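Derivation of every value follows stated rules applied to the coordinates shown; laboratory data play no part. No experiment lies behind these values; they were computed from the predicted model shown. In this analysis, Cβ positions are derived from the backbone assuming ideal geometry, glycine residues included, and neighbour counts consider all displayed protein chains.
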Amino acid sequence: MNNVAQMALSNKGGLRLPPLPTIRDLVKLYKLRAIKQLSQNFLMDERLTDKIVKAAGRISNNDICLEVGPGPGGITRSIIRKQPSKIILVEKDQRFLPSLELLKECAEEIMNIKLDIHQGDILKYNIETDVPDEEKRLHLIGNLPFSISTRLLINWLEDVSERRGGFRRLDTHMTLTFQKEVAERICAPLGHEQRCRLSIISQIWTQPILKFFIPGKAFVPKPKVDVGVVRIIPLREPRTDLPFKLVEKVTRHIFSMRQKYCRRGFSTLFPEDIREETTKNLFELADVDPLLRPFQLSVEEVLRLSQVYSEHIKSYPELSLYDYRGPKNMSSIAENNDI
Ligand code: SAM
């Protein structure tokens, strides 16, 4: 019998893990100095890691949890204590593999939980192949690296809109950390000073809920900012059938001039010679007040503007290639555009 199993047998109380080395000891043992480029800030306090996992809602023993960036495994331990059927860890830094292997051994041999470790980049990870389409609820959980958190969220929002990847199931939820300000932006309601593109595109396809903040000093090493934990629940009924990229583009333009009237940013979707007139017409068609500031626009208003833009470019497809930031002397039509 291995050491971990022996320790487990000496441990009473079903849901408690065997007395593994503490995360602090593991970090010391394997000399896991945080790497800045990988946005490594570790949580050592079990109460906080438990609180993050609790924010994910009920995790039943039929559910699957996928953790992004487990690092030395603090949150992983809290997930194991919830006893899902399977845990998938995606970690880029191979230095954490020994401490994660220790948890795998414990989870599989003692708790009867399947635990898969993938060493690699979450941005390239294919949830579809690794989490087969079965009747199991999927929880995406992670104390995300700041360097990729917004990009990962945008990728996943697009997956939600397309009902693909981890979001083929209707009940996949995300419980993720962000820099405090980013967390506030994602959840910012109509009229809030933090309302931005991220608020709109998050709230079109999901219901984001700001659960709580964690002070920077709770992490090792301490980041410059505090952290917000957000639970993001995909909407069962999408608010639109429009393509994600189109809505994202319209929203990005509207919010590119935050302090101005919303018509200003929207107008940059069109070349200068037709800008004013097209903008005026489309605002009328969408029945949106062009003198609102971007943060005063509701999700529905942004969607109406996206809808009229979508119909307009069906009639004038060349306009979809227009790039406001492109070279002016090339009739401002970009060669590559994502819409
Ligand atoms: N979960 C641990 C905790 O809470 O203490 C570590 C969190 S730390 C903020 C972010 C973790 O994500 C690090 O372990 C880092 O190596 C990992 N990471 C960074 N970029 C990644 C990527 N592209 N894909 C997967 N993991 C990544």
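General remarks:
- Local charge for residue 259 was computed over the other residues whose Cβ lies under 12 Å away, with Lys and Arg +1 and Asp and Glu -1, and equals +3.
- Counted as membrane-span-like here are DSSP H helices of the chain whose alpha-carbon atoms extend 20 Å or more along the helix's own axis and whose Kyte-Doolittle mean is -0.5 or above; these are 146-162, 299-315.
- Selected from 41, 143, 61 as most flexible by GNM, with the chain as the system and alpha-carbon contacts under 10 Å: 61
- Potential lengthening between residue 209 and residue 118 on full extension [0.36 nm per residue; Cα-Cα distance subtracted]: 29.9 nm
- For residue 115, nonlocal amide neighbours, meaning residues 5 or more places apart or on other chains whose placed amide H falls under 5 Å from its own, are 87.
- A Förster radius of 45 Å, combined with the Cβ-Cβ distance separating residue 284 from residue 170, puts the computed FRET efficiency at roughly 0.75.
- Look at the alpha carbon pairs under 8 Å that are at least 6 residues apart: their mean separation over the length of the chain gives a relative contact order of 13 percent.
- Based on DSSP H segments of at least four residues, each scored -39500 (n - 2.57), the chain has a per-residue ellipticity at 222 nm of -11500 deg cm²/dmol.
- Computed over the chain, the range of Cα coordinates on each principal axis works out to 77, 41, 35 Å, biggest value leading.
- For the chain, size of Cβ-based charge dipole, Lys and Arg +1, Asp and Glu -1, in debye: 1440 debye
- Top positive-direction residue, dipole computed over the stretch 244-338 with Cβ charges, set 269, 256, 310: 256
- Set 92/211; 211/249; 54/217; 54/211; 180/217; 104/124 screened for pairs whose C-alpha atoms are more than 18 Å apart: 92/211; 211/249; 54/217; 104/124
- Remark: the residue 225-residue 108 segment gains 38.5 nm on full extension, using 0.36 nm per residue and subtracting the alpha carbon distance.
- Stretch gain in nm, segment residue 33-residue 51, where the contour uses 0.36 nm per residue and the Cα spacing is subtracted: 4.0 nm
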